[in-house]
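Participant: Below is a structure I'd like to ask you about.
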Amino acid sequence: MQRNFRATAKPPEPKDDLLIMKKTREMIAYGHDCLYNKQFPRNQRIGNAIGAQIEKSMYEILEGLSDAAKKEHKKTALTQVDAKIYNLRQLLMIAVDPKMNTRGVLIPLDDQRRWCEKLEEMGKILGSWLNKLK
């Protein structure tokens, strides 16, 4: 009799999950709320527009952290994740700058500030992880 793996699979225990992974998932959830509000236009979320780049960048950070958690040599992977966090922060600055967008401010300044605070918190955790590897 063949067993269905999906029926018996359990989600990871919270104690086994890395803090930075939890913070990343929180940041992605917050980012989705910001990207899919009424102020952010749909045409800026599809294709190669700024919203699509922001969303892709959020998932690249999560993917990089997942890879780094499983690799033996973590330093290179974590350095790449750090660069992706910096890239996301720059994309958020572009989305707030009215000079860069024809429609004006795409993300309200308060939302961008809270989003960057979440990124800063992730960066601190990542930096301490990198310092432990040295």
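The values are calculated or read from the model by the stated rules, or taken from the named source; none is laboratory data. Computed from a prediction, not measured in an experiment: that's the story for all the values here. Using ideal geometry, Cβ is built from the backbone for each residue, glycine included, and neighbour counts are taken over all protein chains shown.
Participant: Within segment 1-54, how many residues turn out to be part of a helix (DSSP H, G or I) and either at pLDDT 70 or above or at positive phi (or both)?
Facilitator: The qualifying residues number 23.
Participant: Just to be sure I understand the filter: pairs with C-beta atoms under 7 Å, separated by 6 or more residues or on different chains, first member in segment 94-113 and within 20 Å of residue 27 (Cβ to Cβ) and among the β-branched types (Val, Ile, Thr), second member in a helix (DSSP H, G or I) and at pLDDT below 85. Which pairs pass?
Facilitator: Listed by first residue and then by second, the contacts come to 94/50; 96/109; 107/95; 107/96.
Participant: Can you tell me which residue among 60, 55 is farther than 22 Å from residue 128 by Cα, acidic (Asp, Glu) and touching a residue at least 24 places away in the same chain (Cβ under 8 Å)?
Facilitator: The match here is 55.
Participant: Identify, by number, the condition in (1) farther than 13 Å from residue 28 by Cα; (2) of a type in the set (Val, Ile, Thr); (3) surrounded by 18 or more Cβ atoms within 10 Å (Cβ to Cβ) that residue 61 doesn't meet.
Facilitator: (1)
Participant: OK, next. Sort out which residues of segment 80-129 are assigned to a helix (DSSP H, G or I), over 16 Å from the mean Cα position of the chain (by Cα) and surrounded by 15 or more Cβ atoms within 10 Å (Cβ to Cβ), and write them in order of number.
Facilitator: 94, 96, 129
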